[in-house]
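Input: a single structure, listed below in structure tokens.
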Amino acid sequence: MTDKTTTKKSSPVKVNLGCGVGLFKGFINVDKYFTLKQLQSKRGLYRNAMIEPGAEFVQADAANLPFSDSSVDYIESINMIEHIPIRDVPQVFAEIARILKPGGRLGLLTDNFDKLAQNWTNNVAKPDFSEHHYFELAQLIYGNQLGPGEFHTSPFNPWILNSFIVWAGLTLDKMTIYPQGSTDAPQLQTVKWQKNSLLRNEVMWAEAHLPK
Amino acid sequence: MATKTIQKKQELVKLNLGCGVQLVKGFINIDKYLTLEQLKSKKRQYANAVVPKGAKFIQADAANLPFANNSVDYVESIDMIEHMPTKKVIKVFMEIYRVLKPGGKLKMMTNDFDSMAKIWLKYMTKPGFTEDHYYEFSEILYGNQVGPGEYHTSPFNPMVMNSFIVSVGLTLDKMTIYHLGTSDYPKNAQTMGPPMKNGRMRCDMIWAEAHK
């Protein structure tokens with residue numbers, strides 16, 4: 001009897017929230033700003049574009065997710081939340097909590113604004129700042145600005161991220177800070193890090209779950 | 001003869017570049033994101049909206065101004081340049097230089113990101129800040145986000161501002177910093193709306209005066 005149950009068990013429902021140009025098989029990849037056709041045409045435009053054959057894609061707003069309550073096992077969201085307008089951020093966390101099954105997990109990665117503010121103060125707020133530093137940091141603060149949605153609109157740091165997670169009713173299991181320049185990076189299912197690539201900014205990797 | 005010349009003298013051509021919802025008579029008011037109709041309808045939406053009768057308005061992109069070379073006496077731009085995508089900022093300064101007559105003047109106001117970085121590092125990097133603080137400060141950093149164009153996309157400080165001004169061939173005459181928390185403001189500004197004049201500065205502001 002147990003065997004039968006095991007074989008009948010469907011595979012976990014996993015959502016790649018704010019997939020951008022990285023679509024992965026085994027995930028329902030979600031982004032607001034693309035159709036699948038546009039995504040496919042963008043492959044030439046972005047070096048890091050990756051569309052695994054058979055990857056599912058749904059165009060949707062993270063503040064209004066087309067999933068029923070308690071239907072998702074795992075949400076991974078990489079460099080998405082900083083693209084959400086500041087007044088919509090609580091709604092996105094509420095949506096994540098709504099669609100997760102009890103015990104379902106969230107893995108979320110975003111930039112640490114504390115480090116951006118420090119970098120600005122240390123590198124740009126002085127007369128001999130370099131143009132390169134300025135444009136690099138402007139991009140890290142405000143997004144690459146290459147197209148719709150590719151703008152940053154909300155700042156986070158560990159305290160703020162923790163506040164949103166807890167406010168939405170999720171339990172934070174672990175928050176890991178990966179420093180700028182490090183080659184170390186979290187084991188992600190929806191990003192294939194290039195070997196030895198350096199992190200351009202300090203990032204936070206938050207792991208949380210919806211309590212049963 | 002002298003009186004005749006004075007009477008014949010044409011009115012000065014003055015631009016209010018990035019007027020938003022505050023149009024000023026005697027200026028050609030310019031904004032990318034609004035039509036005059038929309039502006040009038042926004043009067044109800046914004047407490048600070050001002051659309052005087054007879055004020056001229058042109059919908060245009062600051063990076064592509066519909067004016068001939070050497071045709072403008074004065075450009076005033078209040079809280080506009082931080083709304084420009086970073087890669088377009090230099091083009092805006094080049095356009096200002098192009099349309100100004102030799103001897104024509106530019107006066108420009110924008111947020112000082114040095115002060116925003118300082119405020120963030122002072123108040124946001126440890127617990128104790130309030131939710132209101134966070135939202136208010138996020139809006140100062142990233143714009144009020146209530147409509148298209150109302151997002152900040154480029155950071156400035158006095159050194160960065162000076163670099164852009166000098167690199168297009170303008171001469172900086174004066175740069176004044178109006179400090180956070182004070183209710184001081186540039187008295188020689190002609191297009192500045194009532195909220196700035198009546199309220200306190202929410203972060204340090206840069207007031208740059210330059211000429212061609």
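Details
- Enumeration of residues in region A:159-169 that are surrounded by 15 or more Cβ atoms within 10 Å (Cβ to Cβ) and in a helix (DSSP H, G or I): A:TRP159, A:ILE160, A:LEU161, A:ASN162, A:SER163, A:PHE164, A:ILE165
- Scanning region A:108-132 for residues that are buried (at least 21 other Cβ atoms within 10 Å of the Cβ) and touching a residue at least 40 places away in the same chain (Cβ under 8 Å) turns up A:LEU108, A:LEU109, A:THR110, A:ASP111, A:ASN112, A:PHE113, A:ASP114, A:LEU116.
- Residue in region B:166-178 that is part of a loop (DSSP other than H, G, I, E, B) and at pLDDT below 90 present: no
- B:PHE129 fulfils the conditions (1) of a type in the set (A, V, I, L, M, F, W, C); (2) surrounded by 19 or more Cβ atoms within 10 Å (Cβ to Cβ); (3) closer than 25 Å to A:HIS83 by Cβ except for a single criterion, (2).
- Residue in region A:147-157 that is in contact (Cβ under 8 Å) with a residue 24 or more places away in the chain and either away from chain B (no Cβ under 14 Å) or farther than 30 Å from A:ILE51 by Cα (or both) present: yes
- Qualifying residue in region B:78-97 (condition: of a type in the set (Phe, Trp, Tyr) and under 14 Å from B:VAL168 (Cβ atoms)): yes
- Selection within region B:185-204 - modelled with pLDDT of 85 or more and surrounded by 11 or more Cβ atoms within 10 Å (Cβ to Cβ): B:TYR185, B:PRO186, B:ASN188, B:ALA189, B:GLN190, B:THR191, B:MET192, B:CYS203, B:ASP204
- Qualifying residue in region A:88-96 (condition: crowded, with 22+ Cβ neighbours inside 10 Å, within 14 Å of chain B (Cβ to nearest Cβ), assigned to a helix (DSSP H, G or I) and of a type in the set (D, E, K, R)): no
- Odd one out for B:THR153, checked against (1) facing chain A (nearest Cβ under 7 Å); (2) surrounded by fewer than 17 Cβ atoms within 10 Å (Cβ to Cβ); (3) at pLDDT 95 or above: (2)
- Selection status of A:ASN201, under 19 Å from A:ALA94 (Cα atoms) and of a type in the set (S, T, N, Q): no
- Selection within region A:170-212 - surrounded by 13 or more Cβ atoms within 10 Å (Cβ to Cβ), assigned to a loop (DSSP other than H, G, I, E, B), in contact with a strand residue (DSSP E or B) (Cβ under 7 Å, 6 or more places away or on another chain) and in contact (Cβ under 8 Å) with a residue 40 or more places away in the chain: A:LEU170, A:PRO186, A:LEU188, A:GLN189, A:THR190, A:VAL191, A:ASN201, A:GLU202, A:LEU210
- Count - residues of region B:99-118 that are closer than 17 Å to B:GLU82 by Cβ and away from chain A (no Cβ under 12 Å): 6
- Check on B:ASP173, more than 29 Å from B:LYS32 (Cα to Cα) and out of contact with any helix residue (DSSP H, G or I) (no Cβ under 9 Å at 6 or more places or on another chain): no
- The set of residues from region A:61-87 being assigned to a loop (DSSP other than H, G, I, E, B) and within 14 Å of chain B (Cβ to nearest Cβ) comprises A:ALA63, A:ILE84, A:PRO85.
- Subset of region A:112-143 that is in contact with an Asp or Glu (Cβ under 6 Å, 6 or more places away or on another chain) and outside any helix (DSSP H, G or I) - its residue that is farthest from the other protein chains (Cβ to nearest Cβ): A:ASN112
- Strands (runs of 3 or more DSSP E) (entirely within region B:18-119) containing at least 1 residues that are without any contact (Cβ under 8 Å) to a residue 60 or more places away in the chain and either surrounded by fewer than 17 Cβ atoms within 10 Å (Cβ to Cβ) or among the basic types (Lys, Arg) (or both): B:56-59
- Among residues that are more than 14 Å from chain A (Cβ to nearest Cβ), over 27 Å from B:VAL51 (Cβ atoms), touching a Lys or Arg at 6+ places or on another chain (Cβ under 6 Å) and in a loop (DSSP other than H, G, I, E, B), B:GLY181 is included.
- In region B:127-144, the residues that are modelled with pLDDT under 90 and facing another protein chain (nearest Cβ under 7 Å): B:PRO127
The values are calculated or read from the model by the stated rules, or taken from the named source; none is laboratory data. On a predicted model such as this, the values are computed, not experimentally measured, just so you know. Because the Cβ atoms are built from the backbone with ideal geometry, glycine has one as well, and the counts that use them run over all protein chains shown.
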